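Accompanying notes for the structure given below.
The values are calculated or read from the model by the stated rules, or taken from the named source; none is laboratory data. None of these values were measured; they are calculated from a predicted model. As a convention, Cβ positions derive from the backbone with ideal geometry for all residues, glycine included, and neighbour counts pool all protein chains shown.
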Amino acid sequence: MITELIIGLVALGIGYAIAIFIDKTRSGGTIKRAKDKAVLILKEANLEADALKKEKMLQAKDKFIELKAEHEKVIFARDRKTAEAEKRIRDKESQLSQDLSKTKKTQEDLDAKISDYDHKIEFLDKKQVEVEKMHKKQVEQLEVISGLSAEDAKTEMMASIKDEAKADAQAFIQEQIEEAKLTAEQEARKIVLNTIQRVGVEQAVENCVSVFNLESDEVKGRIIGREGRNIRTLEAATGVEIIVDDTPDAIVLSCFDPVRREIARLSLHRLVTDGRIHPARIEEVVAKTEKQISEEIAEVGKRTVIDLGVHGLHPELVKVVGRMKYRSSYGQNLLQHSREVANLCGIMAAELGLNAKVAKRAGLLHDIGKVPDEESELPHALLGMKWAEKFGEKPDVCNAIGAHHDEIEMKSLYAPIVQVCDAISGARPGARRQVLDSYVQRLKDLEDAAFSFTGVQKAFAIQAGRELRVIVESNKVNDEQAAELSFNITQKIQTEMTYPGQVKVTVIRETRAVNVAK
């Protein structure tokens, strides 16, 4: 590149000199000056070419030096990494050699210990053989002395120890039960009594019929209608049996479903008040009454939830709570029972340091399975738990609903609280009406449960089935067996019978020595 530049400059100078020469020739007198000037231009061009060449060579030299320095840096870094790797390898080799030496030493120690253990085991085996010989000799001497074989002596001793251990265990169990009763029963009684005393409720008054009063017997004919069309329409629309008899100024509405009875009663009231009684009017009034009852059920549910402070309940569950107003269990209104259980649960949970709101929620919803929209084969507790799970209730609440009759396992403390409060509400005096036959049968079953055990002479169910007193034969049952018998009878009652509240079992054993002075 430099050479080409120099050649170009030389050619340019030569051309310029030739042009000057031609001009000078034409002019005839300036040839010499043109030559001198051309020589000067050529010399300057050579000097510039040399300077440019030197500059390019210096730049190339600097670039070479820079590349060489970078190459040396790379070589230095590579050498340093190699040295570090070699150092690590040397350290690992040193560590491995140390570990190998330690392993060899440990192996030598283990070999020495194993050898020592072998000697000890051999010595112990010899001692064990000597002990077995001595034991066999002693057993033979004992058999000669006692006149019994080893198996017979062992059997007799095991039977004696078994009877003694059984008696001691029963005494220990009884002692522990009595000790627990001194504290647990007192505290439990205190909590239950405080809870019951803080709740006031109504007595059972529900039944399966409603009486609709009339102003006069003339209205009966209008209610029956021509050829009985009105009364048949009313019975078909409401599902209630309407009994019109000789009772003055009254009609009896009979139905097991309280909601239908209430719809029939309100519909009759509207029809009698309005005066227009015919099939079309009856169907219209019944439809309006059903709508009114549905709205009233929802309103009752909302009011109940607000009164108890239970928030965030699903609207469908609120309706179910409202329908409880028209349901009864053994004559006890289901809504009043659920409100009572909810209040009892809240109080008891607060006494035990638990969340009173969760307990109230579980107490209010524990019997929702008794008001199904359609027939179900599930028990009401499991059906209620299924509904609660469906409508987003918490697991503790669902478990308390499903376990309050022991149909599933209790998984939280709220379940036994609901069970206890349900029993308190249902077993209190006046809460429920009992059919005489079932009441007598329950007392008989209690007495039969006692007679199923040997040694029982008499059994009496007293205090409305709350206590069972058992009299045993003193020559067949001792004091320790009497305590065991009381425990076994309670277990049999718990597993085989259904009863409200609790049953106290008292076993009585006495001995008498009678003489007559003459």
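Determine whether P258 is modelled with pLDDT under 80, within 20 Å of M324 (Cβ to Cβ) and not charged (D, E, K, R).
Yes; evaluated as a whole, the condition is true for this residue.
Mind checking which pairs have a first residue in the range 304-329 that is modelled with pLDDT of 85 or more and in a helix (DSSP H, G or I) and a second that is of a type in the set (K, R) and buried (at least 21 other Cβ atoms within 10 Å of the Cβ), Cβ under 7 Å, 6 or more apart or different chains?
What qualifies is T304/R339; L308/R339; L308/K360.
Can you name the number of the only condition in (1) farther than 30 Å from P416 by Cβ; (2) under 41 Å from the mean Cα position of the chain (by Cα); (3) modelled with pLDDT under 75 that A153 fails?
Unmet for A153, out of (1) farther than 30 Å from P416 by Cβ; (2) under 41 Å from the mean Cα position of the chain (by Cα); (3) modelled with pLDDT under 75: (2).
Please work out if V285 is buried (at least 21 other Cβ atoms within 10 Å of the Cβ), at pLDDT 85 or above, hydrophobic (A, V, I, L, M, F, W, C) and not in a loop (DSSP other than H, G, I, E, B).
The answer is yes for V285.
Can you report the number of residues in the range 339-388 which are closer than 20 Å to I408 by Cα, outside any helix (DSSP H, G or I) and either acidic (D, E) or touching a residue at least 40 places away in the same chain (Cβ under 8 Å) (or both)?
3
I need a count of the residues in the range 298-336 that are within 21 Å of R260 (Cα to Cα) and either of a type outside the set (A, V, I, L, M, F, W, C) or surrounded by 18 or more Cβ atoms within 10 Å (Cβ to Cβ) (or both).
Summing the residues that are within 21 Å of R260 (Cα to Cα) and either of a type outside the set (A, V, I, L, M, F, W, C) or surrounded by 18 or more Cβ atoms within 10 Å (Cβ to Cβ) (or both) in the range 298-336 gives 24.
Can you confirm whether the range 361-376 contains a residue that is at pLDDT 90 or above and of a type in the set (K, R)?
Yes, the conditions are met somewhere in the range 361-376.
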